[in-house]
Each structure stands twice: as C-alpha cells, then as structure tokens.
1. Might you report the magnitude of the Cβ-based charge dipole of the range 102-190 about its Cα centre, with Lys and Arg at +1 and Asp and Glu at -1, to the nearest 20 debye?
2. Taking a virtual spin label 7 Å from the Cα of Lys123 along the C-beta vector, which residues in the range 129-150 bring their backbone nitrogen under 11 Å of it?
3. Give me D for the chain in µm² s⁻¹, whole number, from Stokes-Einstein with Rh from the Kirkwood sum over alpha-carbon pairs, 37 °C and 0.692 mPa s.
4. Please compute the modelled spin-label separation between Ser133 and Ser214, points set 7 Å along Cα→Cβ, answer in nm with one decimal.
5. Under a 5 Å amide H to amide H cut-off, with H placed in plane at 1.01 Å, what residues pair with Tyr30 once short-range neighbours are removed?
6. Using the charge dipole of the chain (Lys, Arg: +1 at Cβ; Asp, Glu: -1 at Cβ; taken about the Cα centre), state which of Val80, Met4, Ala227 has its Cα farthest towards the positive end.
7. Counting other beta carbons within 10 Å of each Cβ, put Met4, Met136, Met47, Met102 in order, fewest first.
8. What is the local net charge at Thr46, summed over the other residues whose Cβ is closer than 14 Å to its Cβ (Lys, Arg +1; Asp, Glu -1)?
Amino acid sequence: MGGMIEASNLTKRYGGHTAVDRVSFTARPYRVTGFLGPNGAGKSTTMRMLVGLARPDDGEARILGASFVDVPNPGRYVGVLLDASATHKGRTGRETLRLAAMTMGLGDGSVDRALDRVGLSKKEAARRTGGYSLGMRQRLGIAQALLADPAVLILDEPANGLDPSGIRWMRELVRGFADEGGTVLLSSHQLSEVDAVADDIVIMGSGRVQAQGSREELTRSGSLEDAYFAATGDSAREERAA
Ligand SMILES: Nc1ncnc2c1ncn2[C@@H]1O[C@H](COP(=O)(O)OP(=O)(O)OP(=O)(O)O)[C@@H](O)[C@H]1O
Ligand SMILES: [Mg+2]
C-alpha cells in the first residue's frame, strides 16, 4: 500500500520560541525524502507532530490521507524510528520486538523476519538492550519500525551511531523500501547522508523550510552543499549564536 506524508503549515511554539514555523511539504511513494537541516532546525519536532507525539499549534499533518492519531493501530501502516535510545534497557532485543508485535496484533514470525532484515543475530537478540551498542540500538529501532511491513517509514537520524558498513546497509534498506513503493521520510543533519539516499529534499533552518525540491532541482547549479549553505547560511549562524 502506497501512502503520502503531508505536512501543511505545521507550527510548534515552545514558550516564546517558534520551533517549527509553517512547515509544508509532501513525501511520496517510491521516493526517499531527505529532511535536512542543522541542529535545532526543527526536524525532530516536525516528525513528532507527524506521528502525533507533539500537538501542532497550527497546521496539520496527514499520513495516508488521515491524521496519524486517527489511524487505528498506526504502527501497521507507518514505521517510526524516533529516539533509538528510548528502549527499555532491561528487555532483550527479541522481547522488545515481541511486545511491539503483540501490540500490533502480529505473530512471532514478524519478529524473526524483522531481526533478519536488520541483521541482528539470534544471539544478539537474546541480549538485554541496555548492553547494546548505539548501532545495535539503531538496528533494533529499524526492526521495530519494519515489523508490520508498513507503507511509510519515518526515520529521525537513522544513520546516527552507525559505522560505515552500517550506513551502507541503512542506505540500501531505505532505497529498497522506496523502490518497492514505500514512502520514506528520513532526517539528517549530514549532507552526505541525504545526498547519498534522497530523491527529494526539504532543507530546514530556524524552524522553516528554506528550500525544497528534487535532488536534481536543488543541485542544478552546484552541489548539495552549495544549496544547503545558500538555504541555511544565515539561519545556521543564528542557531550557533543562540
Ligand atoms: N520539548 C521542548 N521544549 C522546549 N523546546 C523544545 C522542545 N523540543 C524542541 N525544542 C526546541 O525546538 C527547536 C527545534 O528542535 P528540534 O529537536 O526539532 O531540532 P532538530 O532539527 O531535530 O535538531 P537536531 O539536528 O539537533 O536533532 C530547538 O530550538 C529546541 O531547543
Ligand atoms: Mg533532531
């Protein structure tokens, strides 16, 4: 099942600070949409609004045509990786996935398939996640996102903590997912990540969309780095000064 992610005028304020300011974009099936921007640009906050973990002060988020919070059992349609370090450290990897599978009404077969897909061995899955490396935690988080074979993946900084082979694996997984008709929204503050994997790119800075388009469009007159600094140059400086 293919599905779009649509953000329209999403806005989030914290105190007097507007963390996300009228952000609009669409992520489409068969495409990897890179959500690029410096630290503090508002990427995670936007993603949290997309999946109903933060309430927009204005605007709206739709996934597969509905608001995420209105979709019954949303994990079956949308795989989410937000903060990979947030897992219960006393549980094993397999227990973590079993619980998630149970919540979604899935059998144990889905757990084995997901472990296999992310390359976590039976032995690794039997260990408590408190002892996992950052890379293993990312893999487990991806496994959880993939459990129900969703149409949409929302991944916040999935490359964080991965070594070069892990990064290559992640890129191939995301590419394969999109090639089969899935929709991927992937955030990163790293140009190289987005350049390597994204078909469409939304460049964030200071809570706003500073530029967006296909990778070809954005790099027509130079590198992605050029486009990035042209779009965020001032906002990146503002954020460092703040
Ligand atoms: N719960 C919160 N309370 C107050 N301010 C917040 C909260 N969450 C985020 N912010 C602020 O919103 C802004 C955007 O933060 P956000 O985490 O969305 O950025 P980001 O683009 O994901 O950055 P990074 O690359 O560091 O992950 C920042 O100024 C941050 O301090
Ligand atoms: Mg973030």
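Read the figures in this text as sums done on the coordinates, not as results from a lab. As the structure is a prediction and not an experimental result, all values here were calculated from the model. Every residue, glycine as well, gets a Cβ built from its backbone with ideal geometry; the counts of neighbours run over all protein chains shown.
1. In total the dipole reaches around 340 debye.
2. Nothing falls inside the zone, counting backbone N under 11 Å.
3. It diffuses with D of about 180 µm²/s by this estimate.
4. Inter-label distance under the simple model: 3.8 nm.
5. Close amide H contacts, sequence-distant or interchain: Gly181, Gly182, Thr183.
6. Checked the options; the winner is Val80.
7. Met102, Met4, Met136, Met47
8. So the surrounding residues net to +1.
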